[in-house]
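The values are calculated or read from the model by the stated rules, or taken from the named source; none is laboratory data. All of these numbers come straight from a predicted model, not from anything done at the bench. Backbone-built Cβ (ideal geometry, glycine too); neighbour counts: all protein chains shown.
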Amino acid sequence: MPRSTRSSVVKGTMILIVGNIIVKIIGAFFKLPLANIIGADGMGLYNSSFTVYDIFLVLSTSGYTLAISKMVSTCYAYGKDGEALEILRITRNLLAVIGLAFSVIMFAGARIFAGLIGNTRSFYCILMLSPAVLLVSIMCSYRGYYQGTNDMIPTTVSQVIEAVVRLVVGLAASAYLKYKGFGMEIVAAGALAGITLGEFSSTFTLAMLHKFKRRGKRIRRINAARPARILKTLFATSIPIGISGIIISVINIIDNSILMHRLQYIGCSEQEANTLNGAFNMAYTVFSLPITVVMAVTTSVFPILSYAHACGNKVRIQKLVMASLRIIMIVSTATAAIFLSLSKPIVSIIYFGQPRDATIAAPLLILMSPAAILISIAVMTGRVLQAVDKLLVPSRSTIIGGSICLVINWYLIGNPKIGIYGVPIGICICYFIVSALNIIEIKRCGIKLKLKEIMMKPLLPSLVLAISLAVVYYMTYRTLGLIYATVLSLAVGLILYLTVLFTTKTIEKEDLDMIPGGKKIIKILEKLHFIDTKGTIKTY
């Protein structure tokens, strides 16, 4: 990849990661206070309606963003800038029609879908979310286009605006409706009004930014046969990619239905089952926060891998895959260690307004901690396979892993001694299977993976992190209290973790150089004498 292109990719990735972190922080300021306002019961309604929303969203958008990104990046690799803009115009119009159709179906069938998932009280929440399907459909065409050009600014700006509107409208509406004495079904729907208005704001922002960027530019006209070819390529690329997303959403909606029905089977009322579902959603909200970095890496590396594959640069693909997997393993193992050792204090601090629900969520987060590693590997390996045109393989892996997960959840949740705690166990098993199948296929593609180096090296620093977090917290809890003991243990644990990380050469200078802002990180580490001026990571 040329130096200028590589610089653009690094800059774009940095913008995307920073943007995602900002969005996650804003999202935390939305969902975490929201949980304190509406409790596990409201979060159960929120989560149940989202399972219905997700299935319609993936049916109308899944695979299209990545497919458009792949098509646009290929056009730019061959200097066909005009065709890239035509791809955006055609796909935007198509997705608007598809999104409108699914929005109408979701709105008209809201009561039926609420009954199917075993949570009839989610009816108003489903109604409130239905217009968002149309908006996201249009939005994904813009995001796919700009990701393909490595211009992450429009996507990042729109995501931040969406998050801010969701925060302000969602919290204000839910707090007001609760204050006025409305039932939890209406209060939760008020929170979801923030989602729909946020999607509108994001789509409008992208459209305006695109109009501004196009000012003064002319699109080269192409012959009438070209749109048909563009659509053919779009469907040929998006359907295999999208199948995985569709499968995940179908599995999620079946899983949610299994969760509600099996909890009622072992003696819970519908509202009690909904509250347990909400507690799991509270745990998963905390779980998903650190995964932002991993998801940003997988999103940003996809067009780079696609570019390298289009150019036939096998050496570049090999280096990118190894570096990406090393980075996500380092992040995900540290995440798992933090959840394993500090789930109870973290959940108690975040959900201070719902202490009863927090006691249910904390053990769920502990059981979910290994999934931080497994989900990261599954997503990254899936993106690698899609970038090298093995589009159906991740879908096949997801079908197998997801099907086994449903069977396990049916058995575990229906066991009165396990109940809701069977859900994180099923998630871990599911993504272990998906990761293993993807890795096998990557090796068949001729990409050499040094699995011992990638997976075993981060375990020692993470073990040190987990032990130090637990020891410091339980030694200082009685003296310092919940918040200060948690903060101190995180500070001490992360210092020890970084020390072991570099002394064992778990991360290499080449990896740091590839990630966004890597050069600045290297300079800081040189000043701290972790790395010498020649770029060698020191051991002690």
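Data for the structure
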{"quantity": "Matching residues in the range 387-428 - criterion: being buried (at least 24 other Cβ atoms within 10 Å of the Cβ), touching a Phe, Trp or Tyr at 6+ places or on another chain (Cβ under 7 Å) and of a type outside the set (A, V, I, L, M)", "calculated": "G401"}
{"quantity": "The range 209-232 - residue that is closer than 23 Å to K70 by Cβ and aliphatic (A, V, I, L, M) and, of those, modelled with the highest pLDDT", "calculated": "L209"}
{"quantity": "Residue within the range 406-421 that is under 20 Å from S288 (Cβ atoms) and free of Cβ contacts under 8 Å to residues at least 60 places away in the same chain present", "calculated": "yes"}
{"quantity": "Test: residue in the range 449-468 that is over 23 Å from the mean Cα position of the chain (by Cα), hydrophobic (A, V, I, L, M, F, W, C) and not in a helix (DSSP H, G or I)", "calculated": "yes"}
{"quantity": "Listing of helices (runs of 4 or more DSSP H) fully contained in the range 22-117 that carry 1 or more residues being free of Cβ contacts under 8 Å to residues at least 40 places away in the same chain and out of contact with any Lys or Arg (no Cβ under 8 Å at 6 or more places or on another chain)", "calculated": "81-108, 110-116"}
{"quantity": "Which listed residue is of a type outside the set (S, T, N, Q), more than 27 Å from L276 (Cα to Cα), in contact with a Ser or Thr (Cβ under 7 Å, 6 or more places away or on another chain) and surrounded by fewer than 23 Cβ atoms within 10 Å (Cβ to Cβ), from K443, K457, K452", "calculated": "K457"}
{"quantity": "Whichever residue in the range 463-520 is polar (S, T, N, Q) and out of contact with any Phe, Trp or Tyr (no Cβ under 6 Å at 6 or more places or on another chain) and, among such residues, is modelled with the lowest pLDDT", "calculated": "T506"}
{"quantity": "Test: A188 is more than 22 Å from the chain's Cα centre (by Cα), surrounded by fewer than 20 Cβ atoms within 10 Å (Cβ to Cβ) and modelled with pLDDT of 90 or more", "calculated": "no"}
{"quantity": "Condition broken by V331, with the remaining ones in (1) within 19 Å of the chain's Cα centre (by Cα); (2) of a type in the set (A, V, I, L, M); (3) crowded, with 23+ Cβ neighbours inside 10 Å satisfied", "calculated": "(3)"}
{"quantity": "Output for the range 233-244, where each listed residue is surrounded by fewer than 22 Cβ atoms within 10 Å (Cβ to Cβ) and touching a residue at least 60 places away in the same chain (Cβ under 8 Å)", "calculated": "T233, I239, P240, I243"}
{"quantity": "Scope the range 191-208; condition surrounded by fewer than 20 Cβ atoms within 10 Å (Cβ to Cβ), of a type in the set (A, V, I, L, M, F, W, C) and without any contact (Cβ under 8 Å) to a residue 60 or more places away in the chain; matching residues", "calculated": "F204, M208"}
{"quantity": "Test for V379: is it buried (at least 21 other Cβ atoms within 10 Å of the Cβ), farther than 20 Å from A485 by Cβ and out of contact with any Lys or Arg (no Cβ under 9 Å at 6 or more places or on another chain)", "calculated": "yes"}
{"quantity": "Within the range 139-162, considering residues that are buried (at least 24 other Cβ atoms within 10 Å of the Cβ) and among the aliphatic types (A, V, I, L, M), the one farthest from T205 (Cα to Cα)", "calculated": "M152"}
{"quantity": "Complete set of residues in the range 153-184 that are out of contact with any Gly (no Cβ under 9 Å at 6 or more places or on another chain), part of a helix (DSSP H, G or I) and of a type outside the set (S, T, N, Q)", "calculated": "P154, Y179"}
{"quantity": "Any hit, the range 317-326, residues being surrounded by fewer than 20 Cβ atoms within 10 Å (Cβ to Cβ) and outside any helix (DSSP H, G or I)", "calculated": "no"}
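Yes or no, residue by residue, for (1) under 17 Å from the mean Cα position of the chain (by Cα); (2) among the aromatic types (F, W, Y); (3) farther than 30 Å from I420 by Cβ; (4) modelled with pLDDT under 80:
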| site | (1), (2), (3), (4) |
| --- | --- |
| F302 | yes, yes, yes, yes |
| T359 | no, no, no, no |
| S376 | yes, no, no, no |
| G401 | no, no, no, no |
| I404 | no, no, no, no |
